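The values are calculated or read from the model by the stated rules, or taken from the named source; none is laboratory data. In this text, all values refer to a predicted model and were calculated from it rather than measured experimentally. Here Cβ is always computed from backbone atoms with ideal geometry, including for glycine, and neighbour counts include all displayed protein chains.
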């Protein structure tokens, strides 16, 4: 549940992360794109398992600035926000709870941009809140091990939750197909989408 006051970090089992790691088992080399902030525990976890990890830290770009008055301008400018390495193709994209804080058309634009950086079969991992309210600020997720994640809330303030439904979310992720979804006891739905 969403904390109401003085939130403390909470460790939750993650069926999504566990399934993701199982899917990657036996893969010789893979590359990870983390849209969250640089966290030592997460970098250490993935660096033991993968060939390359890139931290894009989209968290630091939110909330998005208002769109420009010039309708022809590219907005949001994902290229300059994410600074992804040209020619690099990722096998894993960690979106964490980011999609809760973006409108569906913006998610679609972000996905279209990311497609050029995703290898066939790439897996996108996301956590979607299914509450009436959600934390006002994006939660930080620290990996404990292959099946547990610590949720670190930035504060006790909440805001209305968009509660993106599976069908609408799938439509906002062109080029990806839903592979797995897990409804956790804490009300979060973990999704794994696979690049077609």
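Below is a table of values for the structure above.
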{"quantity": "Residues that are in a strand (DSSP E or B) and over 16 Å from residue 96 (Cα atoms), drawn from the range 146-175", "calculated": "158, 159, 160"}
{"quantity": "Top-ranked residue of the range 33-65 - restricted to ones that are within 11 Å of residue 82 (Cβ to Cβ), without any contact (Cβ under 8 Å) to a residue 24 or more places away in the chain and touching a helix residue (DSSP H, G or I) at 6+ places or on another chain (Cβ under 8 Å), ranked as surrounded by the fewest Cβ atoms within 10 Å (Cβ to Cβ)", "calculated": "61"}
{"quantity": "Strands (runs of 3 or more DSSP E) wholly inside the range 1-119 that include at least 3 residues being at pLDDT 90 or above and under 23 Å from residue 154 (Cβ atoms)", "calculated": "10-13, 90-96"}
{"quantity": "Yes/no for residue 125 being in contact (Cβ under 8 Å) with a residue 40 or more places away in the chain, in a strand (DSSP E or B) and closer than 18 Å to residue 182 by Cα", "calculated": "yes"}
